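Quick notes on the structure that follows.
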Amino acid sequence: MATGSGRQVLSSLLGMLAALAAGLVLLGLLVWFMQPKLLFRPFTELIGVPSDWGLAYEDVWLTADDGVRLHGWFLPAERRRAPPHTLLFLHGNAGNVSHRGATLAIFAALGLDVLIIDYRGYGLSQGRPTEAGLNLDADAAWRWLVEERGAAPADIVLFGRSLGGAVATALAARVQPGALIVESSFTDLEAMARLHHPLLALFVPLRYRFMSVDALAQVHCPVLILHSRDDGVVPFAQGEALLAAATAPKRFVELVGGHNEGFLDSQPRYQQALAAFLDWRPAAP
């Protein structure tokens with residue numbers, strides 16, 4: 001039988017455990033509600049426009065299916081490559097369209113017409129970002145290219161970098177683009193949570209999934225995966241796993257440099273690899 005002092009120790013221990021459990025619950029709730037801010041890092045102020053970089057452009061305004069108004073730019077190629085391609089650029093989780101000038105210059109040099117959009121909550125676009133919302137935004141951009149611009153689906157290349165890779169892959173599984181390019185992206189958000197926040201990932205369910213590894217099985221166009229071994233945000237193994245999940249025809253290009261700088265550090269090979277992929281005509285299965 002427990003003595004009085006033993007009961008006090010037991011009661012104190014149970015109290016500490018209850019307080020710890022309550023603290024974990026509160027932490028879990030906090031992280032649950034903070035997930036949008038941890039994942040999406042939009043900038044609302046534009047720091048420039050394509051004409052500042054010597055590129056012609058027009059402002060584009062789109063409306064997603066849920067009524068959210070979105071902003072983007074359409075940049076017509078000065079000298080279009082043959083055969084013609086229109087590229088839909090879906091950017092990463094931070095900044096906005098005005099932070100993608102270096103990439104837009106590369107696409108211009110490749111002779112591509114380009115539509116780049118800001119997701120809801122980014123740049124001049126309305127709303128707040130969510131996984132479902134970003135998918136609606138990508139759908140709206142696709143519709144604008146096909147219905148308003150008159151681009152043939154087979155001539156449209158979907159390009160997604162980092163988080164945008166997940167958005168582009170999900171879109172490619174819903175429509176029939178000419179090709180899909182995924183750069184420095186991940187297989188799914190749970191894998192990234194386990195990597196960067198292993199303890200929290202055990203206790204806090206994710207609000208978003210971004211299951212690119214599953215969506216790739218539904219993509220039937222040529223796929224190019226680009227990734228760097230130096231990527232300190234998304235491990236190189238994630239790029240390899242995306243390649244394994246993609247159905248043929250597919251290609252892989254190894255970049256050098258960090259997560260945000262790989263495309264620049266890999267020049268001119270980066271641009272050459274994109275050009276080779278755009279000119280690639282894989283044999284029918």
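Please treat every number below as a calculation from the coordinates, not as lab data. The structure displayed is predicted, hence computed values, not measured ones. FYI the Cβ positions are ideal-geometry reconstructions off the backbone, even for glycines, and counts take in every protein chain you see.
Details
- Selected residue (criterion: farthest from the chain's Cα centre (by Cα)) from residues of segment 238-283 that are polar (S, T, N, Q) and assigned to a helix (DSSP H, G or I): GLN272
- For segment 47-73, filtering for residues that are in a loop (DSSP other than H, G, I, E, B) and either exposed (fewer than 14 other Cβ atoms within 10 Å of the Cβ) or among the basic types (Lys, Arg) (or both) leaves 7.
- Candidates ARG161, ARG149 - the one that is among the basic types (Lys, Arg), farther than 16 Å from ASP65 by Cα and surrounded by 23 or more Cβ atoms within 10 Å (Cβ to Cβ): ARG161
- Members of segment 121-134 found to be out of contact with any His (no Cβ under 8 Å at 6 or more places or on another chain), in contact (Cβ under 8 Å) with a residue 12 or more places away in the chain and surrounded by fewer than 24 Cβ atoms within 10 Å (Cβ to Cβ), listed by number: GLY121, GLN126, GLY127, ARG128, PRO129, THR130, GLU131, GLY133
- Among the conditions (1) touching a residue at least 12 places away in the same chain (Cβ under 8 Å); (2) out of contact with any Asp or Glu (no Cβ under 8 Å at 6 or more places or on another chain); (3) over 22 Å from LEU134 (Cα atoms), ALA244 misses just one, which is (1).
- Cβ-Cβ distances below 9 Å connect the following pairs, each with a first residue in segment 74-96 that is in contact (Cβ under 8 Å) with a residue 12 or more places away in the chain and within 15 Å of ALA152 (Cβ to Cβ), a second residue that is crowded, with 21+ Cβ neighbours inside 10 Å and of a type in the set (D, E, K, R), and a separation of six or more residues or different chains: ARG80/ASP113; PRO84/ASP113; HIS85/ASP113; THR86/ASP113; LEU87/ASP113.
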